[in-house]
Amino acid sequence: LEAGLAALFLLPLLKNEGMLISIFSGAVLLVFLVAAGRGPRQVAAKVILGLKIRLALLAAPTLLWFAEKSALQLKSDLSPTRDSITAAFVRLQDTDTVKAVLGALFFNGELWRFVWLFATMLALAAVDPRLKVNARTPLVGILNRARHVFSPPVGFSLSCAAVYFGALTLVYLSTPHELNWHLTTSAARTSFAISMMVLAATFSLLYPQK
């Protein structure tokens with residue numbers, strides 16, 4: 001838990017995509033904890049009160065950076081504005097532009113390879129004869145296998161990947177820069193984090209107890 005929180009607190013220091021990852025991964029984590037029966041109060045009590053000083057130390061660099069950035073009036077050119085939101089709505093109506101963004105995120109880097117690896121491992125896990133499930137009917141058998149294969153860690157990693165993929169898509173659609181240039185110079189790098197999330201899901205699929 002501490003290692004995960006440390007990563008979340010450090011991510012906002014790693015450019016704009018680090019901020020996105022920390023926000024959305026934290027949100028997905030909270031959703032999964034609440035779904036598991038751990039309400040926000042329980043989570044806060046365990047995390048904040050349990051870690052106490054260590055949590056404050058983890059958050060200190062990020063808080064100091066935000067304070068310094070505010071004092072220097074530093075702003076990102078990708079921060080949401082009325083113009084960027086308008087640009088995103090306009091580009092969303094252009095099918096070719098949306099396809100270009102999705103294609104760049106998926107194929108410019110290595111994301112497609114990691115998705116292919118996950119899909120292959122998922123198919124093998126689903127037909128693994130060692131997986132014993134109740135199968136009174138074929139449909140029940142499929143559903144039970146899916147429930148066993150998609151453990152919470154797998155679902156968490158894939159949810160983070162999907163949410164972050166969607167967030168990056170909106171960022172590129174709202175960019176104030178020339179879109180093709182922005183995609184060519186950064187899509188391979190920004191999509192690498194999604195590849196690692198899919199890889200984490202693959203690892204969780206193969207080693208559910210770890």
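If SER22 passes every condition in (1) surrounded by 15 or more Cβ atoms within 10 Å (Cβ to Cβ); (2) more than 24 Å from THR184 (Cα to Cα); (3) modelled with pLDDT of 80 or more but one, which one does it miss?
With (1) surrounded by 15 or more Cβ atoms within 10 Å (Cβ to Cβ); (2) more than 24 Å from THR184 (Cα to Cα); (3) modelled with pLDDT of 80 or more applied to SER22, the lone miss is (3).
Given (1) at pLDDT below 85; (2) open to solvent by 40 Å² or more (accessible area, probe 1.4 Å), identify the lone condition not met by VAL163.
The failed condition is (1).
Which of the residues belonging to segment 118-150 are surrounded by 16 or more Cβ atoms within 10 Å (Cβ to Cβ) and either at pLDDT 80 or above or among the hydroxyl-bearing types (Ser, Thr, Tyr) (or both)? Give the steps one after another, and end with the answer.
Taking segment 118-150 first, the residues surrounded by 16 or more Cβ atoms within 10 Å (Cβ to Cβ) are 118, 121-122, 125, 144-145, 149-150.
Residues satisfying the conditions are PHE118, MET121, LEU122.
If we keep just the residues of segment 69-115 that are part of a helix (DSSP H, G or I), touching a helix residue (DSSP H, G or I) at 6+ places or on another chain (Cβ under 9 Å) and of a type in the set (D, E, K, R), which is modelled with the highest pLDDT?
That would be ARG113.
If a residue has to be touching a Ser or Thr at 6+ places or on another chain (Cβ under 9 Å), open to solvent by 30 Å² or more (accessible area, probe 1.4 Å) and not in a loop (DSSP other than H, G, I, E, B) to count, how many in segment 167-195 make the cut?
1
Condition test on VAL154, is it farther than 28 Å from LYS99 by Cβ and either in a helix (DSSP H, G or I) or modelled with pLDDT under 85 (or both)? Write out each step before concluding.
Details: farther than 28 Å from LYS99 by Cβ: yes; either in a helix (DSSP H, G or I) or modelled with pLDDT under 85 (or both): yes.
It is true that VAL154 is farther than 28 Å from LYS99 by Cβ and either in a helix (DSSP H, G or I) or modelled with pLDDT under 85 (or both).
The values are calculated or read from the model by the stated rules, or taken from the named source; none is laboratory data. Not measured: the values here are computed from a predicted model. Every residue, glycine as well, gets a Cβ built from its backbone with ideal geometry; the counts of neighbours run over all protein chains shown. These area figures cover heavy atoms from the full protein model, side chains too; ligands, DNA and RNA do not enter into them. Shrake-Rupley method; radii C 1.70, N 1.55, O 1.52, S 1.80 Å.
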